[in-house]
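Written out below as structure tokens is the structure these notes cover.
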Amino acid sequence: MERSEAEEVVVATRTWLERAVIGLNLCPFAKAVHLGERIRYAVSVADTPDELRADLVDELKTLAAADPAEIETTLLIHPRVFAADFLDYNDFLEVADETLEDLDLVGEIQVASFHPRYQFAGTEPDDIENYTNRSPYPMLHLLRESSVDAAVAAFPDTEQIYEKNIETMRALGQEGWRRLWLGKKKP
């Protein structure tokens, strides 16, 4: 992947973060980390699951060693591996969890998942609820457990975030989602 391609991946991811995650307030904790420039955007050039796992190992080690004031969280974006198949991507999440165990990072870092074809269990592919976790490219969001704990302490009703997100997406609808990417406001 050329540098300009990787830059385009990051730009698309930042746009998604700003318009969807922050703009729709899908994650009330994202704005401060984004504005503080404490998100690491790592673009993987992996073509295979094994190569992606190697990149995951590198990024987990980088995040674990970094000062949280510099890097609070990492988005490991992998546009080539699992881009077309959500089920294979979903299966890879087990590999990600095993990797956390192998590196003795369970309880220190957790992995959240985003994919262009994200689909929650019990939903249809086009159900708007799935869009809360739909991103322009497959990615693994590496989060420090201490950051999650601090966010939960500051926002005691975290279990309501998921329900609020579903309400937000239902109110927005498919047409609203399309308009969001066109940069147009709903009339």
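How many residues does the stretch 127-165 hold that are among the charged types (D, E, K, R), in a helix (DSSP H, G or I) and surrounded by 13 or more Cβ atoms within 10 Å (Cβ to Cβ)? Steps first, answer last, please.
Of all residues in the stretch 127-165, those among the charged types (D, E, K, R) come to 127, 129, 134, 144-145, 149, 157, 159, 163-164.
Next cut, in a helix (DSSP H, G or I) only: 129, 145, 149, 159, 163-164.
Still in the list and also surrounded by 13 or more Cβ atoms within 10 Å (Cβ to Cβ): 129, 145, 164.
Qualifying residue count, the stretch 127-165: 3.
Hey, can you tell me all the residues within the stretch 39-76 that are surrounded by 14 or more Cβ atoms within 10 Å (Cβ to Cβ), among the polar types (S, T, N, Q) and not in a helix (DSSP H, G or I)?
Matches in the stretch 39-76: 44, 73, 74.
For residue 126, which of the numbered conditions (1) under 22 Å from residue 33 (Cα atoms); (2) modelled with pLDDT under 95; (3) acidic (Asp, Glu) fails to hold?
Unmet for residue 126, out of (1) under 22 Å from residue 33 (Cα atoms); (2) modelled with pLDDT under 95; (3) acidic (Asp, Glu): (1).
Considering only residues of the stretch 178-187 that are in a helix (DSSP H, G or I) and out of contact with any helix residue (DSSP H, G or I) (no Cβ under 6 Å at 6 or more places or on another chain), which is modelled with the lowest pLDDT?
182
Taking residue 124 and the conditions (1) exposed (fewer than 14 other Cβ atoms within 10 Å of the Cβ); (2) more than 22 Å from residue 31 (Cα to Cα); (3) within 16 Å of the chain's Cα centre (by Cα), which numbered condition does it fall short on, given that it satisfies the others?
For residue 124, the exception is condition (3).
Select, from 52, 76, 24, the only residue that is under 14 Å from the mean Cα position of the chain (by Cα) and either of a type outside the set (D, E, K, R) or closer than 30 Å to residue 180 by Cβ (or both).
Going through 52, 76, 24 in turn, just one is under 14 Å from the mean Cα position of the chain (by Cα) and either of a type outside the set (D, E, K, R) or closer than 30 Å to residue 180 by Cβ (or both): 76.
Output the number of the condition that residue 83 fails; it satisfies all remaining conditions of (1) at pLDDT 95 or above; (2) surrounded by fewer than 16 Cβ atoms within 10 Å (Cβ to Cβ); (3) closer than 30 Å to residue 123 by Cα.
Here residue 83 clears every test but (1).
Determine whether residue 103 is more than 19 Å from the chain's Cα centre (by Cα), surrounded by fewer than 16 Cβ atoms within 10 Å (Cβ to Cβ), at pLDDT 95 or above and aliphatic (A, V, I, L, M).
Numbers: more than 19 Å from the chain's Cα centre (by Cα): yes; surrounded by fewer than 16 Cβ atoms within 10 Å (Cβ to Cβ): yes; at pLDDT 95 or above: yes; aliphatic (A, V, I, L, M): yes.
Spelling it out, residue 103 is indeed more than 19 Å from the chain's Cα centre (by Cα), surrounded by fewer than 16 Cβ atoms within 10 Å (Cβ to Cβ), at pLDDT 95 or above and aliphatic (A, V, I, L, M).
The values are calculated or read from the model by the stated rules, or taken from the named source; none is laboratory data. Note that this is a predicted model, so its numbers are computed, not measured. So basically every Cβ, Gly included, is an ideal-geometry build from the backbone, and we count neighbours across all protein chains shown.
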